[in-house]
Amino acid sequence: MNRLKKFFVISVSVSVVTLALILLLMEGEDLLISLGAVDPVFLVLAIGVHVLGWMFWAGRIDIFSRASDIKLGFKKSLGIVVSSTFLASITPSYAGGEPLRVYLIGKEKGYAGRASAIVFAERALDFVFIVLFALVGMFYLREQFGEIANLEIAFTMAGVLIGLAVLGIVLGFFKPHLIKGFFGYFERPIESFREGTMEQIYREIDSFHRILWMFLREKRIYLAGAFLATALLWSLHFSIPYILFVGMGSEVDFLTVWFGYFLVLLFLFIPLAPGGSGLAEVGGFVVYSALTGAASIGVLVLLWRVSTHYVNLVVGGLLIGKVIKDVSIVEEKIDESVDKDVEKQAVEEIK
């Protein structure tokens, strides 16, 4: 538990300090006035949309569990989702949520391989949807703001990254060995930075290829349902900043705010502070200041983090207390590598 407490304190402290600096520097004496002008109904609505996103996430896990013959049910799936959001919110790059979901799904009937397959499939669908979403968003945002020099540079860099991601998806489906060959050129510097990283990368590539193809061949209806749930949960999550803008009385373009969220995600997944703390606040401020030009962006970032990150910590923390022994076990496994045969085991178990 000491380690979890440490991550929790770091996540909250970095977030609070960053928010305080943004609010003091950008809002100053107008902070209380800006907060007072916010319609609380929209803050409650933003939190409600975030919670609704959990439900679609739970629906996705339930769909995959039925495809894997585990059949968790919606209630258990929702508990797994909310518990994992707590651990994800206090670990770098949200990495802690996945081991907890694997453990909680697999312990129901002792199917560790099937649980791993479900989480791998979730991660693959998230990746596919976000890349497709970002691709459309890039066209929209570039058309709207491409004439601004600084943003033109950012869009160009983002376009290159998205193009590489699309290429990675295609190759991951059909020619995974080509992606491995590409990473092989960078093996020495990557391994010198952190030993064992290349083996983990290769396992991730293999799992993406095997698990998704398995569902495509044998569980297409389940995969379609899970992708719909994925699209809905991310669409809701991307809508939260717009809801808060409206609650602040700001007139902003919905699609600009909606598509701009993928730029915020670039900050969220940088593996530095737990739960993206600090970088998330800075990223939200920078992106929405540039794209909307609205006033009181600092207040917007505060409300966004309260309705997402802090809701994860509070609700997830209360629920995870009921399974504290499970969390202690997962805590020991967060930094452990996934067993190299787990993807193969997952495929065989689902078959």
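The values are calculated or read from the model by the stated rules, or taken from the named source; none is laboratory data. Being a predicted model, the structure only gives us computed values, none of them experimental. The accessibility values were calculated without ligands, DNA or RNA, using every heavy atom of the protein model including side chains. Shrake-Rupley method; radii C 1.70, N 1.55, O 1.52, S 1.80 Å.
Show me, for the range 233-244, the HN-Hα J-couplings you get by feeding each phi into the Karplus relation (A = 6.51, B = -1.76, C = 1.60, θ = phi - 60°), rounded to Hz, glycine and proline as x.
Once θ is set to phi - 60°, the couplings for the range 233-244 become 5, 6, 4, 5, 4, 5, 7, 4, x, 5, 4, 5 Hz.
Roughly how far apart, in whole Å, are the Cα centres of the range 230-253 and the range 286-314?
Each part's Cα centre sits 11 Å from the other's.
Residues with amide H under 5 Å of G96's amide H, sequence separation 5 or more or different chain, H placed in the peptide plane at 1.01 Å from N; which?
Hits under the 5 Å cutoff: T91.
Got a number for the accessible area of M26? Probe 1.4 Å, square angstrom, nearest 10.
It works out to around 110 Å².
What are the ³J(HN,Hα) couplings of the range 280-290, residue after residue, when phi is run through the Karplus curve with 6.51, -1.76, 1.60 and θ = phi - 60°? Round to Hz, x for glycine and proline.
For the range 280-290, the Karplus-derived couplings read 4, 5, 5, x, x, 5, 5, 5, 6, 5, 6 Hz, x marking Gly and Pro.
Can you give me the solvent accessible area of R220 with a 1.4 Å probe, rounded to the nearest 10 Å²?
Per-residue accessible area (R220): approximately 150 Å².
Using the Karplus curve 6.51 cos²θ - 1.76 cosθ + 1.60 with θ = phi - 60°, what ³J(HN,Hα) values do you get for each residue of the range 303-317, in whole Hz, with x for Gly and Pro?
These are the phi-based 3J(HN,Hα) values: 5, 5, 5, 5, 7, 10, 4, 6, 5, 4, 5, 6, 5, x, x Hz.
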